[in-house]
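See below for the structure under consideration.
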Protein chains: 2
Amino acid sequence: MSGQLCRGRFAGGHPSRPPGPPPTAAAGAPSRGARGAAAGQRNGHAGPGFPQRGIAAGMRGRTMSGPRTPEPALDGQGDSPTGSRDEEAAGGMQCSQRMLSFSDALLSIIATVMILPVTHTEISPEQEFDRSVQKLLATRIAVYLMTFLIVTVAWAAHTRLFQVVGKIDDTLALLNLACMMTITFLPFTFSLMVTFPEVPLGIFLFCMCVIAIGAVQALIVVYAFHFPHLLSPQIAHSAHRTLYRRHILGVILPGPALCSAAAGFSLFCYPVSYLLMAAVIFLPYVSKAAGWGRARLGGPREPPAHSLEVFTFDLHEPLSKERVEAFSDGVYAIVATLLILDICEDNVPDAKDVKEKFQGSLVAALGASGPHFLAYFGSFATVGLLWFSHHSLFLHIRKATRPMGLLNTLSLAFVGGLPLAYQQTSAFARQPRDELESVRVSCAIIFLASIFQFAIWTTALLQEGETLQPSARFGGREHAFMFAKLALYPCASLLAFTCTCVLSRFSTAIFHAMQIAVPFTFLLLRLLVRLALAGLRGLRGLALPAQARPARGAVDGARSPLLPAPC
Amino acid sequence: MSGQLCRGRFAGGHPSRPPGPPPTAAAGAPSRGARGAAAGQRNGHAGPGFPQRGIAAGMRGRTMSGPRTPEPALDGQGDSPTGSRDEEAAGGMQCSQRMLSFSDALLSIIATVMILPVTHTEISPEQEFDRSVQKLLATRIAVYLMTFLIVTVAWAAHTRLFQVVGKIDDTLALLNLACMMTITFLPFTFSLMVTFPEVPLGIFLFCMCVIAIGAVQALIVVYAFHFPHLLSPQIAHSAHRTLYRRHILGVILPGPALCSAAAGFSLFCYPVSYLLMAAVIFLPYVSKAAGWGRARLGGPREPPAHSLEVFTFDLHEPLSKERVEAFSDGVYAIVATLLILDICEDNVPDAKDVKEKFQGSLVAALGASGPHFLAYFGSFATVGLLWFSHHSLFLHIRKATRPMGLLNTLSLAFVGGLPLAYQQTSAFARQPRDELESVRVSCAIIFLASIFQFAIWTTALLQEGETLQPSARFGGREHAFMFAKLALYPCASLLAFTCTCVLSRFSTAIFHAMQIAVPFTFLLLRLLVRLALAGLRGLRGLALPAQARPARGAVDGARSPLLPAPC
């Protein structure tokens, strides 16, 4: 709906933007998106700063739309947006913003929801946490992780697709819903495949799903290119539109093609089809790495020549930071609520039990499941804090490169595993023998989830000029604190892990207490880092008052002169 | 993080904006939000159009940020946003945008998740759908609906709170997470309360939760007013800041106060506490209606005098359309995925069963649960389409008034009931006696969900000048189609309902087939309405070519001259 967000979305999609159509052409175009694009392009080249400024501004579609804003002033149509939006609405055209948020939410939930079969693995308190249970768990965890990767691949393809398709109408919205429905079916086919590895039907259905998704996406592309006003303005006004179409189809269709081959093989020689499907799932990551490598070799990017446009369009394009954030938020939100779901389902004592077991004392009944509540608070604190550090991290990132996206996916995959950690620590809360083992599992999951976040940060630091806000770079004001923040959870989980090995009296209760204590450590950390920086600053002769006293620094406009150059 | 979205969020919060601080003051302020606000204010008064234009532009923070965009050009700091954002980041200040989306996602999921105990009500296929089961279902449905209302109230308070608090820092982010955690605990305490109505403990815990939420929110307010740069610029620069604080505290604290009274009564006379809690839950809706009534009596709103500011600030302020959309998206997304969750959990056949019951034929095993898949596709189509019509509806709404928000809540409450409809129709798929009854339940749920959407539309039409885009008003180009679109589901569900009464051979299969057919009806509808309009237009002598052929109309700039005045 939002001109601004259309713009942000679009700009986010096309950092490697060619010298676009002149403003007049854009003003001639009917869509806000087009004007936004023109503005973005104008700014991308007219704006101050180093060459990548345009790219950066592009990546910060939502974040940094400021620089592109002079546009309506320039073509002096203060109220034309209303007009064009009514017009779009009337023509059935809509900015894809809200539909994409909805898709992100759906996909993130689907990717995460497959952890439930893992957590619902029946382990009676009597039964020991023996090898067989571990094997069963391992299988289901594998299913979960694979599903997560598959859905993420589908999500990435969806992102790429709607970087080309800038606006939607009713038909596209319905096609997108069909695409979503097919994607929601992937986890089922996959778990079918794992439950019956030697029966070709599972493979066959899975491949059919992938093919159906590809078909719908291809349909979307063809439809959008048939009504070019639906395309993102850069393409709508490009002379190479057919090249674009061929290119994006070339991006979309290989997967389904491989899968149709796999479906064929599944009928007489299914091992081959497993190989083919593995290719489908991992190809994107390989190509990501390849594209990144190419980008690195290419050195700092200039706005590519118009002839190169079509090739640079996809390969060198970083992820849309906005959608990465939306997808991550979805995962964190659903994980946090899967926890309370378990509580509400399992821990409301049954009236009969209370009468019989606890002589009608509800307090006693609740006290019996006290460890669950402790586990819940601990896990929620962990999920919330991991989201919080993710949030702070992406606050300092102004551009998400492909490897960062991959690391983010892996981090999210383990965040999605946190309900398992919760289940482990709460299910075994009262069995000293297994207690430590389950705590170790939790620690491992938390450690992996947080260490990948840390890896995102370090990867960003490798190209900090390109990927980070100035304040977060080496020596930047936020650098030290960001570092400490992201190192907190890996350290804490390692500490807990070692505790389980060293202290025999370490218990889940202590573990959850630790989890609950971490947020306060965060605040303490911030305080300490600020004091340290203030001390340094005192020595350096009050270089950066803003950090030491944000409140006053913010109220009077005194900080403006102290601003660093944007790059 | 987004300056633009900060602006949108903030503007969304304060349509009744007083003639704010001059641009210079805003430029002096460190926050993008401040600049955005100033720009919004400038535009709200400098912008063309009728008096409510400024309000409308404000409400369309995300939608209509176009008109406010000239601002950075005016103070000519093309790249200052980067600087100020780095600065904010360095000062630990962040735009609250992403945190609010995350909160919306969490709250919407929590509100919806309580439908699961309802759907998981064990009804063995042998057992008849008798009165006892119905009674049990009714109780759980009541729990679900009440929880939904409670969480929605908490969400509304949260929205109001963060219309005052414009930016966040780490402390506020952590406080917000604490608030979220307490809210996630509400459903548990409530179901406890329902399971043991005569045991005061449930009431006591519930009240404690509400009090804790209120305490955290009060803490947020106090903290934010202690560091005024965190407040939304309008308030940060207001001379009446203390009045604002007293006012917002007065908005937040009554609920917890009542609840503490209820907690007290729960110890010796719990019926009273039920009354008090009912007051807590329904007061906001009553006050909404009151506020609306006052607004209606007040007639068309002028930007209030500075002295009135504090009173108009909360009462006359419509909901933030952006957050209403985010919350709704969350509900629709989680509902759509609860469906696939059931499929993945229940319909992956067990290897042993396949061997024994189906002689190792997986196809036969899947065929056995075929009705489930049909039900799934039908339900997903319904959820998707309801989201789609909601999306189209809010595309034409440019300002959500309180009654519209209330109707939206009710609609969402029944959307959240759709998994129950799915459960009903799939669980009883093979029992002719109960089949029709379950279909009727589904029809009722779908009818209520869609009729409330329709009610939103009609309510909007009552004040169409204020609430609707021009193109969707009486006689507008989209009006006819929007009407048809929203009438589709009520009609379809009524039709199905009557079928169940008339046709004895009507089955869930037919019902789901109908559900799956609806999307195509949508497309057909669009086609028909377009043809009809084209015919009318042909008679009126091509008044609006844009509607008839959007594609060509869009490509050449020919439509611009045909634009209607924005208002």
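The values are calculated or read from the model by the stated rules, or taken from the named source; none is laboratory data. Everything numeric in this text was worked out from a predicted model, so none of it was measured. Backbone-built Cβ (ideal geometry, glycine too); neighbour counts: all protein chains shown.
Odds and ends about this structure:
- Verdict on residue B:172 being at pLDDT 75 or above, within 30 Å of residue B:238 (Cβ to Cβ), over 22 Å from the mean Cα position of the chain (by Cα) and crowded, with 22+ Cβ neighbours inside 10 Å: yes
- Sole exception among (1) part of a helix (DSSP H, G or I); (2) more than 11 Å from chain B (Cβ to nearest Cβ) for residue A:379, by number: (2)
- For the stretch A:483-524, the candidate set comprises residues that are modelled with pLDDT under 80 and part of a helix (DSSP H, G or I); within that set, the residue that is nearest to residue A:445 (Cα to Cα) is A:508.
Table: residues versus (1) more than 21 Å from residue A:100 (Cα to Cα); (2) at pLDDT below 80; (3) touching a Lys or Arg at 6+ places or on another chain (Cβ under 7 Å).
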position: B:364; (1), (2), (3): yes, no, no
position: B:375; (1), (2), (3): yes, no, no
position: B:382; (1), (2), (3): no, no, no
position: B:385; (1), (2), (3): no, no, no
position: B:390; (1), (2), (3): no, no, no
position: B:393; (1), (2), (3): no, no, no
position: B:402; (1), (2), (3): yes, yes, yes
position: B:409; (1), (2), (3): yes, no, no
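- Every residue from the stretch B:396-412 that is among the aliphatic types (A, V, I, L, M) and surrounded by 23 or more Cβ atoms within 10 Å (Cβ to Cβ): B:397, B:400, B:404, B:412
- Test result for residue B:534, in contact with a helix residue (DSSP H, G or I) (Cβ under 6 Å, 6 or more places away or on another chain), more than 9 Å from chain A (Cβ to nearest Cβ), modelled with pLDDT of 75 or more and surrounded by fewer than 17 Cβ atoms within 10 Å (Cβ to Cβ): yes
Quick grid of which residues meet (1) of a type in the set (Gly, Ala, Ser); (2) at pLDDT below 80:
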| position | (1), (2) |
| --- | --- |
| A:251 | no, yes |
| A:281 | no, yes |
| A:290 | yes, yes |
| A:305 | yes, yes |
| A:317 | no, yes |
| A:331 | no, no |
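- Considering residues of the stretch A:215-233 that are buried (at least 24 other Cβ atoms within 10 Å of the Cβ) and small (Gly, Ala, Ser) only, the residue nearest to residue B:336 (Cα to Cα): A:224
- Cross-chain or 6+ apart pairs with Cβ under 6 Å, the stretch A:464-479 first and closer than 20 Å to residue A:532 by Cβ, then at pLDDT below 75 and part of a loop (DSSP other than H, G, I, E, B): A:471/A:477; A:471/A:478; A:472/A:478; A:477/A:544
- Among residues of the stretch B:333-376 being within 23 Å of residue B:449 (Cβ to Cβ) and within 7 Å of another protein chain (Cβ to nearest Cβ), the one that is farthest from the chain's Cα centre (by Cα) is B:343.
- Residue, modelled with the highest pLDDT, within the stretch B:419-435, restricted to residues that are surrounded by fewer than 19 Cβ atoms within 10 Å (Cβ to Cβ) and assigned to a helix (DSSP H, G or I): B:433
- Residue within the stretch B:341-362 that is within 30 Å of residue B:456 (Cβ to Cβ), assigned to a helix (DSSP H, G or I) and of a type in the set (A, V, I, L, M, F, W, C) present: yes
- Boolean, residue B:327 is within 14 Å of chain A (Cβ to nearest Cβ), part of a helix (DSSP H, G or I) and under 22 Å from residue A:204 (Cα atoms): no
- Residue list for the stretch A:388-427, restricted to those being touching a strand residue (DSSP E or B) at 6+ places or on another chain (Cβ under 9 Å) and under 20 Å from residue A:446 (Cβ atoms): A:391, A:392, A:394, A:408
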